[in-house]
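One structure is given here, and the rest of the page talks about it.
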Amino acid sequence: MIKTFLHKTFSVLIAFLVLFSTMSFTVEKHYCGDNLIDVAIFTKVDNCGMDMESIAASNLEKKHCCKDEIEVVKGQDELNKTSFEDLQFDQQLFLSTFVYSYINLFEGLPKQVIPHKDYSPPNLVADIQVLDQVFII
């Protein structure tokens, strides 16, 4: 019981490890001055309300105090994908022989014939002697 539970748990953990190692994402941070305003992983960051367009429209030549940092976390792009044709001949021969012998290792059970499968049972009729409680002694 515990062995199967541990096996399934490790299988799920390894599957998530492969999933997250190949996934890439970006982390966006918005600073207003030295204060961190917002951090977003899969969406756009919310700004503090001091847009670049509003500053440029007011014709002020002041330095903009807000900055955005974008950090890209790249996942693994190159996975080794091999096909059957990439194997050497002796490896192909071993693999095909192993698969053929493993498939033929198990024999199927013969189909069981159930003669009364389509037979419907008769309607049950109440037992009169039991209903009247009359028994022969």
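Here, each number is a calculation from the coordinates, and none is a lab measurement. Note that the coordinates shown come from a computational prediction; the quantities given were computed from them, not determined experimentally. Methodologically, a virtual Cβ is constructed for each residue, glycine included, from the backbone with ideal geometry; neighbour enumeration extends over all protein chains shown.
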- Let me have the 222 nm mean residue ellipticity of the chain computed from DSSP H runs of 4+ only, each contributing -39500 (n - 2.57), with the sum over all residues rounded to the nearest 500. -10500 deg cm²/dmol
- Query: So how many Lys-Lys pairs in the chain land under 21 Å Cα to Cα, not counting same-chain pairs under 8 apart?
  - Reply: 6
- Message: If you filter the stretch 65-135 for trypsin sites (Lys or Arg not before Pro), then keep DSSP loop positions with at most 16 other Cβ within 10 Å, what is left?
- Response: Lys74, Lys81, Lys111, Lys117
- Note on the structure: the chain, Kirkwood Rh and Cα Rg, ratio Rg/Rh at 1.45
- Task: Compute the longest continuous run of the chain that contains no exposed GluC sites (Glu not before Pro); treat a site as exposed when its DSSP state is not H, G, I, E or B and it has at most 13 other Cβ atoms within 10 Å.
- Result: 1-60
- Neighbour-count ranking [beta-carbon atoms within 10 angstrom, fewest first] of Ile37, Ile2: Ile2, Ile37
- Query: Where the centroid of each part is defined by its Cα atoms, how far is the stretch 4-54 from the stretch 69-137 in Å?
  - Reply: 41
- Item | Rounded tilt (10° steps) of 2-22 against the dominant C-alpha axis of the chain | 30
- Query: Quick one: longest stretch of the chain between exposed loop chymotrypsin sites (Phe, Trp or Tyr not before Pro), exposed meaning at most 14 other C-beta atoms within 10 Å and loop per DSSP?
  - Reply: 43-105
- Which angle from 0 to 90°, rounded to the nearest 10, does the C-alpha axis of helix 89-103 make with the longest principal axis of the chain? 40
- Message: Placing unit charges on C-beta atoms (Lys and Arg positive, Asp and Glu negative, everything else neutral), compute the dipole magnitude of the chain about its Cα centre in debye, rounded to 20.
- Response: 360
